[in-house]
Amino acid sequence: MSGIDSLLGALTLEDKASLTSGSDAWHLQGIEGRGVAGYMITDGPHGLRKTTSETGDIDLDHTVPATCFPPAAGLSSSWNPELIREVGEAMAEECIQEKVAVILGPGVNIKRNPLGGRCFEFWSEDPYLAGHEAIGVVQGVQSKGVGTSLKHFAVNNQETDRLRISANLSPRALREIYLPAFEYIVKTAQPWTIMCSYNQINAVHSAQNRWLLTDVLRGEWGFRGIVMSDWGADHDRVASVNAGLNLEMPPSFTDDLVVEAVRDGRIEPAQLDRMARGMLDLVEKTTPAMNVDGYRFDVDRHDDVARRAACESMVLLKNDDGILPLSADSARGTGRAGEKAAGGAEPGIAVIGEFARTPRYQGGGSSHITPTRMTSFLDALSARSVPFDFAPGFTLDDDPQNPALTAQAVECASKAASVILFMGLPEQAESEGFDRTDMDLPLKQRDLLDALAQANENIVVVLSNGSVVSMHDWRERPKAILESWLLGQAGGSALADVIFGSCSPSGKLAQSIPARIEDDPSMMNWPGEERHVDYGEGVFVGYRYYDTYGVDVDYPFGFGLSYASFAIGDVRVRRTGGNRVAVSATVTNTSSVRGAETVQIYVAPHPSAVARPRHELKAFRKVWLDAGASDTVDFELDERSFAYWSELYDGWRVEPGGYAIEVATSSRDVDKTLTVRLPGDGRCMPLDEWSTVAEWRDDPVGARIVRRVEEKSSRGELPSLPSGDTAAEVFLGSLPVNTLSVLLGRDGAEVTRYMLDEYARAAGGDGAHDTKENQ
């Protein structure tokens, strides 16, 4: 018997019940007499947010200093799981110093709609990318003996009415879009905890959803950790324990309800034991790290990790005339009017926009961190001894524009060789707790850009925002657009690194940028009504919709420019057995500067029995190359890469036939397409009286039976079926075989009986059959 088994056996019913809720808002429930520690758990997900309050209350305003890494809005654009793991390792070290056993993150909910208030905290519109990036956080943190909490399980894609809304969606959309990121991370990295979401899924609260927490998570995926509630998401202690919720947070002080339910039989004792045992296991796993005393993390090294992460988080969307990178020498040149900057230098650049001085570096809400240090872009310029002229241009509040600020900014721009204009969303425009109502930047910023464009044509726009913003009406005005998202505490230095060429931009969009919010397919049902929201777009989320239906976007998923240039060649695709495929390609840096290219592999199914997206991301790899260097990248596509979730089969289905393998640098920039033929999974649904004649003809066993019917009909042994290119023949294909009398009269029942009897004999009378040998 293990130590945990012995301990569990010694606990009272009341002890076990107490383990299923916290002791306060941020601590597990300890059992002092049994040596069970009540460790602290606290918010992430892009750095440690530990409250300084000693009362155990929820306090979002007073937290210990911690490194603020780029939130997922930026880090997701790195397409670099190895770098993301470094960030996770650094966060774990800070948890060890602060005695935090579990950091709450990462959040892998899908960016269903750009207006989602928490998009800054989530990774992508694509589940493959979200899972294969966020896993770096889980692996990095847990490699140091600290737990993570993968969240919010599941279908938490908006802030509007999030505490009670029912997300109503199809099984296929759930399995293909909203669960795969969780599934991949659970199967590959085994996060020590998972946090269930506030919302309902098809009218069942996540915390009370046994199908979700037990059947799928533990039964299908093999999850071995604990499930906790989001803060206040547990509305029925008894139902939640039975569903598979180990931990209610924060405590509702209702452990007596659990005890009572065990005593009267509403909770099986074995079920409570399972939930309590999970909590004991979590404490045991985190104890070594929590027993490290006197540890201090390296503040400088973590800031450097944050800076490198910020550099790779930026996406260069536009760079006309190669205006970027700017050179430090040009910054020291003479401006148009020869105006002297402070210190007597002749400025070559004007920096305009309050965000350059007061950076927006993280999102609002439960993830808000007190950084160990903070570097603005102006700070970074001063550290580099780069002369500049600065004008704030606008205020970060919602007040109307001050004409004096516009005039000052225009004068500043007119005297410079180039202008770096910082634009973005102020903090009050997007945060946890509410969704945005439009994609627009504040009007006063857009008007300022118009005014500056009249004074200087060499404008570089730097954006600060947690989710995509509309650029359609103004993107032609600047020569360059650098989407910097939210860059964390080292963002100012990282921006200087990229703008002056110390580092080439390498980010790729993890989220499409539509031309209009009305083009987003979820808008028809956003954000819902009367306590529910219908996911009517199904699996057609983000680029899966835009690319399938040819909808113009401003910038496509996966897009991003570099100072370097690349060529992709020697693309090879081969089937390695069954429904598995190997892909390889050679990437060459054809420029004179070091840079990175991200090779993206999309799978495009040929005509299918179901509506499928035109293509889907199934692999990627980021490659850093010196000037002139080449590297070969290899990918393995497993059977799941070609599958869709069949609601008819209630499982994953790979159809036989051709699949296009696209080697690309964005969802719309495909370098090479090769086709591979796959045998499929060989599965066929059982035929019955409700199967149509067309379905019988498409089934290998059914087709043989239909041919026998036709042969017997030709000999007069069975009534004749319509044949030839006739309306009756077309109509026949759509008929379930139990309605053949519509065309054949009273003799139709005889044909139906014959087909069903023959099928029962051929299939052994047991339903579904494997037909690989017949294909």
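The values are calculated or read from the model by the stated rules, or taken from the named source; none is laboratory data. Because the structure is a prediction, the values reported are computed rather than measured. Reconstructed Cβ throughout: ideal geometry from the backbone, glycine too, with neighbour counts over all protein chains shown. Please note that ligands, DNA and RNA were not included when accessible areas were found on the heavy atoms of the full protein model with its side chains. Shrake-Rupley method; radii C 1.70, N 1.55, O 1.52, S 1.80 Å.
At-a-glance table
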| item | result |
| --- | --- |
| Segment Trp624-Glu82, length gained on full extension (0.36 nm per residue, minus Cα span) | 193.9 nm |
| Interchain or long-range residues, amide H under 5 Å from Phe559's placed H | Leu509, Ser667 |
| Of all accessible heavy-atom area on the chain, the percent that carbon and sulfur account for (1.4 Å) | 48 |
| Helical mean residue ellipticity (222 nm; -39500 (n - 2.57) per DSSP H run of 4+; nearest 500) of the chain | -8000 deg cm²/dmol |
| Computed lengthening from Glu457 to Arg218, 0.36 nm per intervening residue step minus Cα-Cα distance | 80.2 nm |
| Amide H within-cut-off set for Ser23, under 5 Å, with H built and near neighbours excluded | Leu28, Gln29 |
| Cut-off under 5 Å, modelled amide H: who pairs with Asp43 long-range | Arg49, Leu104 |
| Global form of the chain, assessed from the alpha-carbon gyration tensor, a/c cut-off 1.5 | oblate |
| Approximate shape of segment 107-254 as ellipsoid semi-axes (Cα gyration tensor, √5λ), whole Å, largest first | 21, 19, 15 |
| Pairwise centroid distance, computed over Cα atoms, of segment 454-489 with segment 347-402, Å | 14 |
| Sequence-separation-based contact order of segment 1-82, relative, with Cα cut under 8 Å and 6+ spacing, percent | 18 |
| Environment charge at Gln511 (Cβ cut-off 12 Å; Lys +1, Arg +1, Asp -1, Glu -1) | -2 |
| Pairs of Cα atoms farther than 17 Å apart, segment 455-522, % | 51 |
| Per-peptide average of other Cβ atoms within 10 Å, ordering 484-490, 380-386, 129-135, 210-216 highest first | 484-490, 129-135, 210-216, 380-386 |
| Positive dipole terminus of segment 108-246, leading residue within His152, Pro191, Val238 (C-beta point charges) | Val238 |
| Whole-number accessible area per residue in Å² for segment 11-123, which is evaluated in the context of all protein chains at 1.4 Å | 26 |
| Charge tally in the Cβ shell below 9 Å around Ala664, where Lys, Arg are +1 and Asp, Glu are -1, Ala664 excluded | -1 |
| Label zone at His472 (point 7 Å along Cα-to-Cβ), backbone N below 18 Å, segment 503-520 | 511-520 |
| Estimated inter-spin distance, Asp300 and Arg708, nm [label 7 Å along Cα→Cβ] | 8.3 |
| Label-point separation, Asp450 to Glu284 (7 Å along Cα→Cβ), nm | 6.7 |
| Cut-off 19 Å, label 7 Å out along Cα→Cβ of Asp698, residues of segment 597-622 by amide N | 605-614 |
